[in-house]
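The values are calculated or read from the model by the stated rules, or taken from the named source; none is laboratory data. Predicted model only: the values in this text are computed from it and were never measured. Ideal geometry is used to build each Cβ from the backbone, glycine not excepted, and the neighbour counts take in all protein chains shown. The accessibility values were calculated without ligands, DNA or RNA, using every heavy atom of the protein model including side chains. Shrake-Rupley method; radii C 1.70, N 1.55, O 1.52, S 1.80 Å.
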Amino acid sequence: MVDTDTVIEDAVEEIANALGDDTAIIALSGGVDSSTAAALAYEAVGEQLVPVYVDTGLMRKGETEGVRETFSYMESLRIVEASERFFDALAGVTDPEEKRKVIGEQFIREFETVAREVDADYLVQGTIYPDRIESEGNIKSHHNVGGLPEAVDFEGIVEPVRDLYKDEVREVARALDLEAVVSERMPFPGPGLAVRVIGEVTPEKVEVAREATAVVEDELEEYEPWQAFAAVLGKATGVKGDNRVHGWVVAVRSVESRDGMTARAQELDWQTLQRIQSRITGTLDNVSRVVYDVTHKPPATIEYE
């Protein structure tokens with residue numbers, strides 16, 4: 001348990017002191033980390049804060065509409081359509097670390113563009129403690145830590161929840177009266193669906209990951225996993241109707257965890273797994289088979305890249 005009153009008071013004071021009378025933008029993804037950071041920053045400086053949600057084309061199904069609805073009370077909210085720029089930047093990139101760095105740099109360039117438009121000198125981020133541990137420990141580069149480019153056109157970056165674990169951020173979110181759809185939602189990677197696609201990131205593969213993940217989240221809601229999703233691994237042959245197809249292989253992943261530093265694969269019943277594969281292969285013509293990942297963390301990570 002964390003003393004949420006103290007955390008909120010200290011974070012609001014830190015943000016107010018760091019920004020003074022300056023305008024700042026907040027990188028808002030709709031996840032609990034960035035949403036909590038946004039709520040803290042808004043409480044600290046009000047309309048000095050410009051929330052910026054970047055639609056990378058790599059987000060969950062319905063994410064953009066959800067952010068627009070949830071944060072409509074922030075009149076300065078900006079939604080940036082940048083999917084074409086992200087896919088162009090990722091073209092031909094297959095290395096997982098390179099993907100993260102490309103996405104991190106593109107995010108910063110999008111934020112810098114808005115910052116110039118609104119004359120903002122500061123960037124607020126929802127970086128949390130595990131992001132720093134995994135980036136600094138060379139486990140993987142988080143787009144908001146190790147994935148940041150060396151040259152950043154901001155006077156300062158403010159990270160009000162940087163010392164908290166995910167479960168602690170949730171406690172703060174509840175104390176701030178954020179809606180349950182935000183405070184209790186499953187984690188989603190900052191680089192988005194790009195890290196759930198093995199190899200080059202293409203619109204087709206991302207759409208498969210997006211639709212399949214929506215099925216997994218829906219079917220496994222009653223199991224209350226810490227995180228559950230689908231990833232696109234590659235292609236394999238299959239049969240649909242009377243035709244042989246060479247379609248995508250989708251891996252389903254569902255884990256239990258406290259803070260994401262370690263995790264255990266959930267033991268799902270056979271009927272549930274069959275229902276998931278039936279929905280995925282039945283609604284996505286370009287998917288030939290579905291597999292279930294039984295690997296814990298360690299030795300695996302939760303996400304695929």
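Assorted remarks:
- Residues of region 107-133 that turn out to be open to solvent by less than 20 Å² (accessible area, probe 1.4 Å), of a type outside the set (Asp, Glu) and either part of a helix (DSSP H, G or I) or in contact with an Asp or Glu (Cβ under 6 Å, 6 or more places away or on another chain) (or both), as a count: 9
- Any hit, region 52-69, residues being assigned to a strand (DSSP E or B), surrounded by 15 or more Cβ atoms within 10 Å (Cβ to Cβ), β-branched (Val, Ile, Thr) and without any contact (Cβ under 8 Å) to a residue 60 or more places away in the chain: yes
- The condition (being crowded, with 16+ Cβ neighbours inside 10 Å, polar (S, T, N, Q) and in contact with a Leu (Cβ under 9 Å, 6 or more places away or on another chain)) is satisfied by just one residue among 213, 202: 213.
- Verdict on residue 180 being surrounded by fewer than 20 Cβ atoms within 10 Å (Cβ to Cβ), in contact with a helix residue (DSSP H, G or I) (Cβ under 8 Å, 6 or more places away or on another chain) and either modelled with pLDDT of 90 or more or within 19 Å of residue 259 (Cα to Cα) (or both): no
- Residue in region 192-199 that is among the basic types (Lys, Arg) and within 17 Å of residue 281 (Cβ to Cβ) present: no
- Here residue 44 meets the list (1) assigned to a helix (DSSP H, G or I); (2) buried (at least 18 other Cβ atoms within 10 Å of the Cβ); (3) under 18 Å from the mean Cα position of the chain (by Cα); (4) not β-branched (Val, Ile, Thr) almost entirely, failing just condition (3).
- Which listed residue, of 56, 64, 94, 70, is touching a Gly at 6+ places or on another chain (Cβ under 6 Å) and within 23 Å of residue 181 (Cα to Cα): 56
- Matching residues, region 258-285, being farther than 15 Å from residue 218 by Cβ, buried (at least 16 other Cβ atoms within 10 Å of the Cβ) and either modelled with pLDDT of 95 or more or of a type in the set (Gly, Ala, Ser) (or both): 260, 263, 265, 266, 281
- Unmet criterion (only one of (1) open to solvent by 10 Å² or more (accessible area, probe 1.4 Å); (2) among the hydrophobic types (A, V, I, L, M, F, W, C); (3) at pLDDT below 95) for residue 16: (3)
- Qualifying positions in region 73-95 - open to solvent by less than 80 Å² (accessible area, probe 1.4 Å) and modelled with pLDDT under 95: 74, 76, 77
- Condition check for residue 188: at pLDDT below 95, within 18 Å of the chain's Cα centre (by Cα), hydrophobic (A, V, I, L, M, F, W, C) and buried (at least 19 other Cβ atoms within 10 Å of the Cβ): yes
- Among the candidates 104, 156, residue that is more than 25 Å from residue 83 (Cβ to Cβ), open to solvent by less than 20 Å² (accessible area, probe 1.4 Å), of a type in the set (Gly, Ala, Ser) and modelled with pLDDT under 95: 156
- Residues of region 160-177 classified as touching a Phe, Trp or Tyr at 6+ places or on another chain (Cβ under 7 Å) and open to solvent by 40 Å² or more (accessible area, probe 1.4 Å), total: 3
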